[in-house]
Amino acid sequence: MTIPTAEHTYNLSQYEGWKARFESPRRSRPRDLSSTDLGALNRRDRLLYDDARSVWHANLGPYLTPDIKYVIDQLDLIVQSNRQDGDRVRSAAVLDAYPGLGKTTLVCHYGGQFHRDQLDMYGTATEAGDDRVPVAYVRLTSNTTMRSLNSMLCHFYAHPAADRGNATVLGARASQRALDCATRLIIVDDVHFLDMNRRDGREVANHFKWLANEFAATFLFVGVGITERGLLSEGLSPTKVQYAQTARRWTRTSLAPFSIDDGPGRKTWRSLLLAIERDLVLANKSPGMVADVLADYLYARSTGHFASLMTLIARGCQRAVKTGAEALTIKLLDTVPNDQASENARRQLEAGIRDGRLSSRREAV
Ligand SMILES: Nc1ncnc2c1ncn2[C@@H]1O[C@H](COP(=O)(O)OP(=O)(O)OP(=O)(O)O)[C@@H](O)[C@H]1O
Ligand SMILES: [Mg+2]
């Protein structure tokens, strides 16, 4: 039996998975039931309802904060203005930010929207009758070489010879597919996994330049510490950095953790918590349960990182359902573990909140 609300197992690094993800309708929210309604469900219906809520709470959003909207706007500007003829070099976009801030979620959201817009405008097939694939997405893994990067691109298009040949041959195959399928945006996620120690930064940067020249598409490179790794400066020494062509052709955007140091930061934090609160499907939830009562607590425990916040919310909801509390409270969330990085940084923030130096609510609207 298929349960329509169960989690999906898309592989976004293959065209079929990407298409299925961004062409299927949004998951629908489980209906709200009161405690009395819950009590009236038979055992199987209750199990199914709770299961649907687990999946729902684990996939909330994406929430588009002002920072995220700004980055999307920048990316769109780069992609939409990159309409040079084939003999001109297109610039590339870079999203470079620390782990767990929502890079992948952002670029996939943007890529999905771009995919749908292109199909709406130009149809699902190209003039020559190939499938239109407006966006290609590859996610690098540890020790990706230039050859395996090109091979991953071929795999995305399900090219039958995706594993055969050297880097150049594979690159040419991928570029041909991108051309045939009218691909306009190529997202290379986790680009920091490119094996930059074995080959110097210059060689990797040259490969990126080659990709940008060869493909009639805009590249969007996503990763952690791209600037620090010298990719933009092509591994050149600080005095020679002006010779780096990459820096002139790549536009860098970034994301920061949430901050409650100033008014706008606190407003963003509160708006996000309100949006999350609205989306929770718990029988005993009450207005302000997340956005007011838990605002400081959630900030300290997530240290303003999207990934840690959403993990905590999903696990908290799971526990609220399992224990029958059907609401989020500090007492309940205290029993939920979070990722190691945020647990380590939490103590310091909690101390600041306790002695009044830090609050997510002062001046908040
Ligand atoms: N805009 C958002 N709305 C809702 N949840 C989000 C959003 N951005 C991130 N998340 C949550 O945070 C988790 C991690 O986000 P994501 O994978 O996009 O971060 P990342 O910056 O790519 O991390 P990494 O550097 O580890 O690849 C997501 O699985 C999701 O649960
Ligand atoms: Mg990521």
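The values are calculated or read from the model by the stated rules, or taken from the named source; none is laboratory data. Predicted model, so just to flag it, every value in this text is computed and none were measured. All Cβ positions, glycine included, derive from the backbone under ideal geometry; neighbour counts span all protein chains shown.
Here Lys69 passes the criteria (1) buried (at least 16 other Cβ atoms within 10 Å of the Cβ); (2) of a type outside the set (Gly, Ala, Ser); (3) within 16 Å of ligand 1 (Cβ to nearest atom) except the one numbered (1). Is one or more of the residues making up the range 328-345 under 22 Å from Ser54 (Cα atoms), at pLDDT 95 or above, buried (at least 18 other Cβ atoms within 10 Å of the Cβ) and away from ligand 2 (no atom under 16 Å from the Cβ)? Within the range 328-345, one or more residues are under 22 Å from Ser54 (Cα atoms), at pLDDT 95 or above, buried (at least 18 other Cβ atoms within 10 Å of the Cβ) and away from ligand 2 (no atom under 16 Å from the Cβ).
Here the range 246-302 is the region considered, the condition is being of a type in the set (S, T, N, Q) and in a strand (DSSP E or B), and the residue that is nearest to Ala320 (Cα to Cα) is Thr253. The C-beta contact set for the range 1-29 (first residue within 16 Å of Asp51 (Cα to Cα) and polar (S, T, N, Q), second residue in a loop (DSSP other than H, G, I, E, B) and at pLDDT below 80, distance under 8 angstrom, 6+ apart or interchain) comprises Ser28/Thr5. Sub-7 Å Cβ pairs linking a first residue in the range 311-326 that is assigned by TED's automatic domain parsing to the domain that holds Leu38 and buried (at least 20 other Cβ atoms within 10 Å of the Cβ) to a second residue that is hydrophobic (A, V, I, L, M, F, W, C) and modelled with pLDDT under 95, at least 6 apart or interchain, are Leu312/Val336; Gly316/Val336, ordered by first then second residue.
Of all the listed residues (Ala172, Ala167, Ala162), the sole one being surrounded by fewer than 21 Cβ atoms within 10 Å (Cβ to Cβ), assigned by TED's automatic domain parsing to the domain that holds Ala217 and in contact with a His (Cβ under 7 Å, 6 or more places away or on another chain) is Ala162. Which residues, taken from the range 72-119, are modelled with pLDDT under 95, farther than 29 Å from Thr303 by Cβ and surrounded by 14 or more Cβ atoms within 10 Å (Cβ to Cβ)? Selection gives Ile78, Val79, Asn82, Arg90, Ser91, Ala92. Does the range 191-199 contain at least one residue that is within 16 Å of ligand 1 (Cβ to nearest atom) and surrounded by fewer than 21 Cβ atoms within 10 Å (Cβ to Cβ)? Checked the range 191-199: at least one residue is within 16 Å of ligand 1 (Cβ to nearest atom) and surrounded by fewer than 21 Cβ atoms within 10 Å (Cβ to Cβ).
One residue is enough: does the range 235-251 have a residue meeting the conditions charged (D, E, K, R), modelled with pLDDT under 85 and in contact with a helix residue (DSSP H, G or I) (Cβ under 8 Å, 6 or more places away or on another chain)?
The answer is yes, given that some residue of the range 235-251 is charged (D, E, K, R), modelled with pLDDT under 85 and in contact with a helix residue (DSSP H, G or I) (Cβ under 8 Å, 6 or more places away or on another chain).
Looking across the range 96-151, the residues that are of a type in the set (S, T, N, Q) and more than 16 Å from ligand 1 (Cβ to nearest atom) come down to Gln118, Thr124, Thr126, Asn143, Thr145, Ser148, Asn150, Ser151. The residues listed here are Leu101, Leu106, Leu95; of these, the one that is in a loop (DSSP other than H, G, I, E, B), within 16 Å of ligand 2 (Cβ to nearest atom) and under 12 Å from the mean Cα position of the chain (by Cα) is Leu101.
Quick grid of which residues meet (1) part of a strand (DSSP E or B); (2) in contact with a Gly (Cβ under 9 Å, 6 or more places away or on another chain); (3) assigned by TED's automatic domain parsing to the domain that holds His207:
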| site | (1), (2), (3) |
| --- | --- |
| Gly112 | no, no, yes |
| Leu119 | no, no, yes |
| Ala128 | no, no, yes |
| Tyr137 | yes, yes, yes |
| Thr141 | no, no, yes |
| Leu149 | no, yes, yes |
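Residue pairs whose Cβ atoms lie under 6 Å apart, separated by 6 or more positions or on different chains, with the first residue in the range 267-280 and of a type in the set (A, V, I, L, M, F, W, C) and the second at pLDDT below 95, are Trp269/Ile260; Trp269/Ser360.
Here is the figure for the range 127-150: residues that are at pLDDT 95 or above and hydroxyl-bearing (Ser, Thr, Tyr) total 1.
Here's the yes/no breakdown for (1) within 21 Å of Glu350 (Cβ to Cβ); (2) away from ligand 2 (no atom under 16 Å from the Cβ); (3) modelled with pLDDT of 95 or more; (4) of a type in the set (Ser, Thr, Tyr):
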site	(1), (2), (3), (4)
Ser254	no, no, yes, yes
Phe258	yes, yes, yes, no
Gly263	no, yes, no, no
Arg278	no, yes, yes, no
Val293	yes, yes, yes, no
Leu298	yes, yes, yes, no
Thr303	yes, yes, no, yes
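Tell me, yes or no, whether the range 344-360 has at least one residue that is in the same structural domain as Asp50 (by TED's automatic domain parsing) and hydroxyl-bearing (Ser, Thr, Tyr). Checking the range 344-360: not a single residue is in the same structural domain as Asp50 (by TED's automatic domain parsing) and hydroxyl-bearing (Ser, Thr, Tyr). Evaluate the following for Asn82: is it polar (S, T, N, Q), in contact (Cβ under 8 Å) with a residue 24 or more places away in the chain and more than 16 Å from ligand 2 (Cβ to nearest atom)? The answer is yes for Asn82. Apart from one condition, Trp56 fits all of (1) over 26 Å from Leu274 (Cβ atoms); (2) within 13 Å of ligand 1 (Cβ to nearest atom); (3) of a type outside the set (Gly, Ala, Ser); (4) touching a Lys or Arg at 6+ places or on another chain (Cβ under 9 Å); the exception is (1).
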